[in-house]
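The values are calculated or read from the model by the stated rules, or taken from the named source; none is laboratory data. It should be emphasised that the depicted structure is a prediction, and the values quoted were computed from it without experimental measurement. Here the Cβ positions follow ideal geometry from the backbone for every residue, glycine too, while neighbour counts run over all protein chains shown. Just so you know, the surface numbers come from the protein's heavy atoms only, side chains and all, with ligands and any DNA or RNA stripped out. Shrake-Rupley method; radii C 1.70, N 1.55, O 1.52, S 1.80 Å.
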Amino acid sequence: MGQVVIIPVVSEAAAISSADVAGWFDAEQGLLDKKIFVDPAIYALEQQRIFARAWHFMCHDSHVPNTGDFFLSYIGADSVIVVRDEQGVVQVMLNVCTHRGNILTRAEMGNTHSFQCTYHGWNFGLDGKLNAVPGTEPFYRCKLDRERWALQKVAKLESYKGFYFATLDPDAPPLHDYLGEVGRIGIDQMTAHGELEAVDGVQKNIIECNWKIAVDNLYDWYHVNVTHRSAMRVGFVAASVMQPNQQMVMLGEYGHAISGPGISQEQQQVIDELDDAERARLDTLSFAERAALAPRLTERRPIRPAHMKEVMGPVGVRAMGHPNIFPNLWISTRALQLSLRIPRGPLKTEVWWFSFVPKHYNAAQRRMAMKFMSHSFGPAGLFEQDDGENWAHATRAALGPASQRTPQNLQMGLGEDEMVVDPSGQRAIETKVNEHAQRWHYRCWQDWLRAASWQDLQRNKTPVPAGKV
Amino acid sequence: MASPVESAAAPADAAAATWKALPLTERMAWQHRVEQFLYEEADLLDRRLYREWFSRVATDVHYWMPIRRTVSLRNIDREFTQPGGMSFFDDDHNDLRMRVEKFYTGSSWSEDPPSRTRHMVSNVRITGLDGAAVTVQSDFLLLRTRMEGDADQFHGRRDDLLRVGGESFLLARRHIYLDHTVIHATNLSSLF
């Protein structure tokens, strides 16, 4: 209910050892300790070692097209301002006045010339410089060092194809390396649609669940047939689209992954024969029309343009599943949306949906894309309506001491599949519905929690497997 | 200086003038009919008679709930997303039909077990009349409880277009302006 969200104070996570972390997930057995969804000390450790360290999605270039355009986002528990400055450069700074720590802007978005604190009036430029301080001469006797008290910027801010990410940790590797091949393929799944433009409006709602459940669910193609049955029953989407048996999983360093439907090599060969115009035309047809014309193709959309095979690689171009950029950025590629699952305490997650439309879409295509997006996800989405309670109840039940004695079961497909290394070097598991990506997510999550620093994480992270998985 | 006024869809000038020109007794009769329609509709939703409710929806309906944002006064024109922007609901007749039928599937888990809702409707004001339709503004408080202790409140304003149909009306347009920015609820599985 409409309560103010209180974010617990993140203190030094009390004496958690590597052995403790190792006990929270048994990757060999696929057993997950339920405590990780409710324990405040684990949450505090996540804030320090994952959220204050990782690269986080901030915005797309088109979210802040003009000088002074800004909106608020989060990096873990820190509120940050994303703004385009007078030089046209995107800046990300803490939304905290450097004087007495008041929140600097209360508006979640808009356009402004500067940011003025409502407490004592310190005024900061779009680039974060402290431009004006009331009483500089009479009260501060001209002794205030304005350069020293500029807004605190994030440690690093970089973009990949127009998608800006920031990190609070100066030791973080460059974004390109952080994303790695799998993370980049994830974003390329969006750019494969053409040049994108953000649609105005971010859907936001709060679910009383732990953030990790909301994240691992995006890899889960097992729940679809049950959780989302009613959306299929009323004819929103076909069951064959919702649970294709042909699944493909790619795993990336630091915990990124793509899990969901895949296109087989044989199907890709059919696609390779088509020119871009024919691919685009097939995508505009209804499922039935398309199946009649191209029976050997799957129903997955879009059929990516020819050059994307070069960009994404021969395996990556066949991945049609859901990517997650670790820790919490879901790329919902069919619908052209990005979703953040922002932790707001161990038992609360704020879900955000950013929506995009390719610039080259005509009015009818745009209308169709918007319709699919507004009816799929977000709190009123025909799919997502039915997700939240599963996550909330799984979280709530984990509070029970007796419930905690039994681990969660993440054993589907364990030891049954193979990570095949393609001649190109790209790796994928091609199989049925499975829980490989969920296991990878928690395994890498342990790496992050064990690591004392970025260097430590880089040295000791789990390598992407090859062979039996 | 920016104005703090909350934007509202205004009826066409002619419709507003027609409405204002009516004698008081006629306006009272209209007011009564409109209120009865809105109360009956709320009752149908609260008693989970969704198909009955849907029979009062016009085939050309636009059922829309934009996203509200916290903005400063100088950006107040951007408080709500506009048509063509993102929204929570942007439904035509078929979209609403899917939502309604979803309640009856036996697998609509967000509403099975069903929520207990109470649609409180107030501040009903007719703003225009063009012979075949009235524009109506109303405020709502939707109270919802689920299971042991889940309790949600949604409130805001609705701008409706009610088309005269027989003894009653058909809902031809409903634009719902929530007072919330971040939705502090697991979902929006209710109708407003």
Failed condition for A:Glu310, given (1) surrounded by fewer than 23 Cβ atoms within 10 Å (Cβ to Cβ); (2) under 18 Å from A:Ser240 (Cβ atoms), with all others met?
(2)
Any residue at all in segment A:18-32 that is assigned to a loop (DSSP other than H, G, I, E, B), modelled with pLDDT of 95 or more and under 30 Å from B:Ala185 (Cα atoms)?
no
Taking the criterion of being away from chain B (no Cβ under 14 Å), within 28 Å of A:Arg344 (Cβ to Cβ) and touching a strand residue (DSSP E or B) at 6+ places or on another chain (Cβ under 7 Å), would at least one residue in segment A:220-235 satisfy it?
yes
Any idea which of A:Lys359, A:Lys371, A:Lys309 is of a type in the set (D, E, K, R) and either within 14 Å of chain B (Cβ to nearest Cβ) or in contact with a Gly (Cβ under 6 Å, 6 or more places away or on another chain) (or both)?
A:Lys371
With respect to B:Arg118, determine if the residue is under 22 Å from A:Lys204 (Cβ atoms) and among the basic types (Lys, Arg).
no
Please find, among B:Glu167, B:Glu52, the residue that is more than 11 Å from chain A (Cβ to nearest Cβ), of a type outside the set (A, V, I, L, M), farther than 30 Å from A:His393 by Cβ and touching a helix residue (DSSP H, G or I) at 6+ places or on another chain (Cβ under 6 Å).
B:Glu52
What strands (runs of 3 or more DSSP E) completely inside segment B:105-192 contain at least 3 residues that are polar (S, T, N, Q) and open to solvent by 10 Å² or more (accessible area, probe 1.4 Å)?
B:116-129, B:133-146
Among residues belonging to segment A:68-89 that are within 16 Å of A:Leu126 (Cα to Cα) and among the aliphatic types (A, V, I, L, M), point out the one that is most open to solvent (accessible area, probe 1.4 Å).
A:Val89
Given (1) within 14 Å of chain B (Cβ to nearest Cβ); (2) within 16 Å of the chain's Cα centre (by Cα), number of the condition A:Asp200 does not satisfy
(2)
Subset of segment A:363-404, residues without any contact (Cβ under 8 Å) to a residue 12 or more places away in the chain, farther than 26 Å from B:Ser107 by Cβ and in contact with a strand residue (DSSP E or B) (Cβ under 7 Å, 6 or more places away or on another chain), comes to A:Arg366
Counting only residues that are part of a strand (DSSP E or B) and among the small types (Gly, Ala, Ser), how many does segment A:257-289 have?
4
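Residue-by-condition table, conditions (1) surrounded by fewer than 20 Cβ atoms within 10 Å (Cβ to Cβ); (2) in contact (Cβ under 8 Å) with a residue 24 or more places away in the chain:
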position	(1), (2)
A:His99	yes, yes
A:His113	yes, yes
A:Gly125	yes, yes
A:Lys129	yes, no
A:Cys142	yes, no
A:Ser159	yes, yes
A:Pro174	yes, no
A:Thr191	yes, yes
A:Lys204	no, yes
Segment B:65-77, residues that are open to solvent by less than 10 Å² (accessible area, probe 1.4 Å) and either under 30 Å from B:Glu167 (Cα atoms) or more than 9 Å from chain A (Cβ to nearest Cβ) (or both):
B:Met65
So is A:Glu137 surrounded by fewer than 19 Cβ atoms within 10 Å (Cβ to Cβ) and either part of a loop (DSSP other than H, G, I, E, B) or among the small types (Gly, Ala, Ser) (or both) or not?
yes
Kindly provide the set of residues from segment A:202-214 that are touching a Gly at 6+ places or on another chain (Cβ under 8 Å) and in a strand (DSSP E or B), ordered by number.
A:Gln203, A:Asn205, A:Ile207
Modelled with pLDDT of 95 or more, touching a strand residue (DSSP E or B) at 6+ places or on another chain (Cβ under 8 Å) and within 10 Å of another protein chain (Cβ to nearest Cβ) - does that describe any residue in segment A:418-429?
no
State all residues of segment B:78-100 that are part of a helix (DSSP H, G or I), facing another protein chain (nearest Cβ under 10 Å), open to solvent by 40 Å² or more (accessible area, probe 1.4 Å) and in contact (Cβ under 8 Å) with a residue 24 or more places away in the chain; if no residue qualifies, say none.
B:Arg97
Tell me whether segment A:41-55 contains one or more residues that are in a helix (DSSP H, G or I), open to solvent by 40 Å² or more (accessible area, probe 1.4 Å) and of a type in the set (S, T, N, Q).
yes
Matching residues in segment A:223-270 - criterion: being at pLDDT 95 or above and of a type in the set (Phe, Trp, Tyr):
A:Tyr254
Find all pairs meeting these conditions: Cβ atoms under 9 angstrom apart; at least six residues apart or on different chains; first residue within segment B:164-176 and closer than 14 Å to B:Ala132 by Cβ and without any contact (Cβ under 8 Å) to a residue 12 or more places away in the chain; second residue acidic (Asp, Glu) and surrounded by fewer than 18 Cβ atoms within 10 Å (Cβ to Cβ).
none
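For (1) in contact with a strand residue (DSSP E or B) (Cβ under 7 Å, 6 or more places away or on another chain); (2) closer than 28 Å to A:Val89 by Cα, each residue gets a yes or a no:
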site: A:Gly128; (1), (2): yes, yes
site: A:Phe139; (1), (2): no, no
site: A:Cys142; (1), (2): no, no
site: A:Ala150; (1), (2): yes, yes
site: A:Asp188; (1), (2): no, yes
site: A:Ala198; (1), (2): yes, yes
Is one or more of the residues making up segment B:44-60 touching a strand residue (DSSP E or B) at 6+ places or on another chain (Cβ under 8 Å) and under 30 Å from A:Phe356 (Cβ atoms)?
yes
Name the one entry in A:Ile342, A:Ile303 that is part of a loop (DSSP other than H, G, I, E, B) and on the phi < 0 side of the Ramachandran plot.
A:Ile303
Selection count where residues are in a loop (DSSP other than H, G, I, E, B) and at positive phi, scope segment A:151-201:
4
Give segment A:61-120 a look and list any residue that's of a type in the set (Lys, Arg) and either touching a His at 6+ places or on another chain (Cβ under 8 Å) or in a strand (DSSP E or B) (or both), or say none.
A:Arg84, A:Arg100
